[in-house]
Amino acid sequence: MKSNHDNGSTPGSPEYHVPVLLKEVIEGLQLKADGIYVDCTFGGGGHSKAILTNLGPKARLVVFDQDEATRKNLPDDERVIFISHNFRHLQRFLRLHKINTVDGILADLGVSSHQFDEAGRGFSTRFNANLDMRMDQRQSVTAFDIVSTYREQQLHTIFEQYGEVTNAKTLARTIVQIRDTVSLQTIDAFKTALREIVKGNPNRYFAQVFQALRIEVNDELGALKEMLQQTPKLLRPGGRVIIITFHSLEDRLVKNFFRRGTFDEPEKNPFINDEDVNELKVITKKPILASEKEIKQNPRARSAKLRIAEKVMMV
Ligand SMILES: C[S@@+](CC[C@H](N)C(=O)[O-])C[C@H]1O[C@@H](n2cnc3c(N)ncnc32)[C@H](O)[C@@H]1O
């Protein structure tokens, strides 16, 4: 797994966020001119804008982003509905807008280059700011709260599983040992307090540590799971769901859900064959990856994996 941390556009670059695998997303969605589509991760709106240019005047595009700051990227377009909430509430908000079913759903996970490049958000190891990392600033728990309150074992698991930090156990133990006497409130304080235990390249090391904290702060895997579970019922027959992931744990969730249509363990339903009840058909047996050319232009694309599933016509 490669971290998607801190390898996006440089600060001050004209692009807010370069959309990854854009052509593949547009082809994969098989857009219908009058369809209703959902972009669960609006961000800089790169994917949304390309979707809109391929839709007719009667179409609708519902865009979610839990980061209210993305509102300023909205195009002046009557076909767009913006929902500044977590996509884990997908169905609830669609219903609120009297939408029961849709023709396609897209999610391009993680954080945008812009979020990394805004120093005060605390996502990047390059700047000093509070150890924050909340995508949704209405949420109360920050990365600092996590390093201040989680038990050693919880921290160990997070650093190991979400960041693949080589010395996750030592890191967790050190944090718990020093946190009552040393401030970990800011990025600089956090990095200074832990500099003795860094393994390998410090930039890479802290990128992995930050990735782990970010995934926990935003409950990224929990939100993804809840959203995926709503997709089969929301899609119209023939409608497609496309998910772009940047982390092996996310990709595994998507792959397994598309294949089985459920997160329930098979042994819990010994008389039910998942394939008989799965309303989704896998379109991409292997994930679609970015070309070398795209990776050269946009290094963030290096770890992107795109998977597509389609709602079957009849189960
Ligand atoms: C990788 S960026 C998307 C970039 C976008 N596709 C583009 O072309 O500009 C991910 C965006 O999704 C948002 N996001 C991530 N997880 C979310 C969630 N669970 N609910 C709502 N928004 C989320 C982030 O705030 C961020 O703006």
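Any read-out appearing in this document is the output of simple, stated calculations on the displayed coordinates, not a laboratory observation. The model shown is predicted, which means the values in this text are computed figures rather than measured ones. Counting neighbours? That spans all protein chains shown, and the Cβs are built from the backbone with ideal geometry, glycine included.
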*For LYS233 and ARG195, compute 0.36 nm times the residue count separating them, minus their Cα-Cα distance, and round to one decimal in nm.*
8.8 nm
_Distance between modelled label sites at GLU118 and ILE99, nm, 7 Å Cα→Cβ extension_ = 2.3 nm
_GLN161/GLU68 FRET efficiency (R0 25 Å; Cβ-Cβ; nearest 0.05)_ = 0.30
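How long are the semi-axes of the ellipsoid equivalent to the range 6-117, from square roots of 5 times the Cα gyration tensor eigenvalues, in whole Å, largest first? Walk me through the numbers before you get to the answer.
On the way: eigenvalues 105, 52, 30 Å².
Ellipsoid semi-axes (Å, largest first): 23, 16, 12.
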*Go through LYS49/LYS199; LYS72/LYS98; LYS225/LYS293; LYS49/LYS293; LYS169/LYS296; LYS233/LYS255 and tell me which ones have a Cα-Cα distance over 30 Å in this structure.*
LYS49/LYS199; LYS225/LYS293; LYS169/LYS296
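Want the number for ASP76 to GLN139: 0.36 nm per residue separation, take away the alpha-carbon distance, what's left?
Working: separation 63, 0.36 × 63 = 22.68 nm, distance 2.83 nm.
Extra length available between ASP76 and GLN139 comes to 19.9 nm.
At 0.36 nm per residue, minus the direct Cα-Cα distance, what do VAL182 and GLU265 gain on full extension? Give it in nm, one decimal, please.
Details: separation 83, 0.36 × 83 = 29.88 nm, distance 4.33 nm.
Contour length minus Cα-Cα distance gives 25.5 nm.
At R0 = 45 Å, how high is the FRET efficiency between ASN203 and VAL282 if r is their beta carbon distance? Nearest 0.05 is fine. Please report the intermediate quantities before stating the final value.
On the way: r = 37 Å, r/R0 = 0.83.
So the FRET efficiency works out to roughly 0.75.
Where Rh is the Kirkwood radius over the Cα pairs of the chain, the temperature 20 °C and the viscosity 1.002 mPa s, what D in µm²/s does Stokes-Einstein return? Walk me through the numbers on the way to the answer.
Working: Rh = 20.4 Å.
The calculation lands on 105 µm²/s.
To the nearest 0.05, what FRET efficiency results for ARG173 and LYS293 with a Förster distance of 41 Å applied to their C-beta separation? Walk me through the numbers on the way to the answer.
On the way: r = 44 Å, r/R0 = 1.08.
E(calc), rounded to 0.05, equals 0.40.
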